[in-house]
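Data block below; observations after.
A short reminder: the numbers here are calculations on the coordinates, not readings from a lab. Just so it is clear, the structure is predicted and the values come from calculations on it, not from any experiment. Heads up, the Cβs are rebuilt from the backbone with ideal geometry, glycines too, and the neighbour counts pull from every protein chain shown.
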Amino acid sequence: MPVEFKSTTLDNGLTILAEIDPKAQSVGAGFFVKTGARDEETSLMGVSHYLEHMMFKGTEEISAEELNQTFDDLGASNNAYTTRESTCFYAHVIPDSSPKAIEMLSKMMRPALRQDDFDTEKNVIQEEIAMYADNPFWVLYEQCVANHYNTHGLGHRVLGTPESVGDMQRDQMMDYFQNRYSADNTIVSLAGNLDFDATVDQIRTLCGDWNTSKPSRNTARPNTGHKAFTMTSDRVNRGYILGLSDAPSIGSDDRYAATLMTQILGGADNSRLHWALIETGIAEEAMSAYDGLDGTGDYFMYASGDPESLDQIWDVMLKEIQGLKDSITEDDLAKLRSKMLTSVTLAGEKPSGRMQRLGRLWIACGAYQSLEEEIEKINAVSVDAIKDLIDQYPLDQCTLGKMIPEQAE
């Protein structure tokens, strides 16, 4: 029996999606909220991620210990994450445990947000920010994003800054929660061996009284900057370089060509940047990737090596970038297409993977696309399509950032 897609929307706007597979041995369930760093006021940068942590602190009726113990008792694989555009809370369990897992997920989506928990967790967030500050790639990437998007919310740091998190108040978080974590800004994504009608009835009972707030998001493609800058740090002894350029949005079918193109340019193995920089010993790391976003998207190209060699590294990267259009062959595309198809198919073999794919696509595009349809779109990408994409979104028109040791300035 093939996987069957079903969906419904409750009266309050909460959307429930499912890919039902009676032969599956598990169930994946996730609550996806269409809110992330881009939706925050600059003064509240990091509130979405901070709020993600607070969801695990319990409700007015359930303590943090009881919440976590219940998931443990179910044998659940559960967690959460926050991105620039969405926040997800999920669990993966055996079918008999899915009603209880869904119940606990729905309850944690309405946290108590106690002041004591808020104050304690603030220290945890600050430690996490400090930890990432020790990662040169992350520091350079965040600064490139901030410079590239200027004052637009997409330039916000997901974790926030020490200042924005330090100044944040619990009541500000509560206001943000009430506005962004509404029923009409949330979807429930399900996959696996489950009774859809019974699950919808359960979710209606659990979540039918959630508020509706009609939150908005400006999805117009933002104006971006393409200036170069250099950072110095006494924490590094190597050089790092990263370029960020405009790319197609997640809602465009060009996202498949964009993903394949960046893999040809800077995938982990057998890519242009790998052979030109790593195999020649010019750089220690080299990669590129595509990130599709709501209404826009971006590419990044990254490398690291001897600080004295950064100009040479960028010259080589630029040569590969500018020569990419004329050098791509059908053989390049066939190899990378096979890898991408394998990755997509393997992720779709488990209900947890299907649930994530279903939720992310719906949050991003507002529509369903089966795994088979996605495979067809990947297979349809042609060399000419990639060449047209390179013309439309030139990678060399980028925000270029460098990080070097302080003494090398």
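Would you please give the FRET efficiency between D384 and E285, computed as 1/(1 + (r/R0)^6) with r the Cβ-Cβ distance and R0 = 41 Å, to the nearest 0.05?
Details: r = 31 Å, r/R0 = 0.76.
With R0 = 41 Å, the Cβ-Cβ based efficiency is 0.85.
Could you derive backbone 3J(HN,Hα) for segment 358-372 from the dihedral phi with the Karplus parameters 6.51, -1.76 and 1.60 (θ = phi - 60°), listing whole Hz in sequence and x where the residue is Gly or Pro?
4, x, 5, 5, 5, 4, 7, 10, x, 8, 8, 9, 5, 4, 5
Can you bin the chain into rounded, prolate or oblate? Criterion: square roots of the alpha carbon gyration tensor eigenvalues sorted a ≥ b ≥ c, rounded for a/c under 1.5, prolate for a/b above b/c, oblate for the rest.
Numbers: a/c = 2.06, a/b = 1.35, b/c = 1.52.
Because a/c hits 1.5 or more and a/b fails to exceed b/c, the chain counts as oblate.
May I ask which of K23/K350; K34/K350; K6/K377; K57/K107; K34/K339 have a Cα-Cα span longer than 18 Å here?
Pairs exceeding 18 Å: K34/K350; K6/K377; K34/K339.
Per DSSP H run of n ≥ 4, the term is -39500 (n - 2.57); total these for the chain, divide by its residue number, and report the mean residue ellipticity at 222 nm rounded to 500 deg cm²/dmol.
Working: 14 runs with 174 residues, N = 409.
Taken over the chain, the calculation gives -13500 deg cm²/dmol.
Spelling out what I want: for every residue of segment 304-309, take phi, set θ = phi - 60°, compute 6.51 cos²θ - 1.76 cosθ + 1.60 (Karplus), and round to whole Hz; glycine and proline get x.
Ordered by residue, 3J(HN,Hα) equals 9, x, 4, x, 6, 9 Hz.
So what's the net charge close to I203: Lys and Arg +1, Asp and Glu -1, counting the other residues with Cβ under 14 Å from its Cβ?
Details: positive: K6, K100, K107, R110, R204; negative: D11, E103, D195, D197, D201, D209.
Net of charged neighbours comes to -1.
List the aspartates and glutamates whose Cα lies under 18 Å from the Cα of K227, skipping any in the same chain that are fewer than 8 positions away.
K227 reaches E142, D246, D298, D311, D315, D396.
Comparing I125, I250, I62, which has the greatest mean-square fluctuation in the GNM of the chain with Cα pairs linked when under 10 Å apart?
I62
Can you give the relative contact order of segment 228-408 as a percent, counting alpha carbon pairs under 8 Å and 6+ residues apart?
Values: 304 pairs, mean separation 70.2, N = 181.
Worked out over segment 228-408, it gives 39 percent.
At a Förster radius of 51 Å, what calculated FRET efficiency corresponds to the Cβ-Cβ distance of T232 and A367, to the nearest 0.05? Don't skip to the end; give the middle numbers.
On the way: r = 46 Å, r/R0 = 0.91.
Working from the Cβ atoms, E equals 0.65.
Taking K325 as the anchor, which lysines have their alpha carbon closer than 18 Å to its alpha carbon, excluding any fewer than eight residues away along the same chain?
Straight-distance partners of K325: K335, K387.
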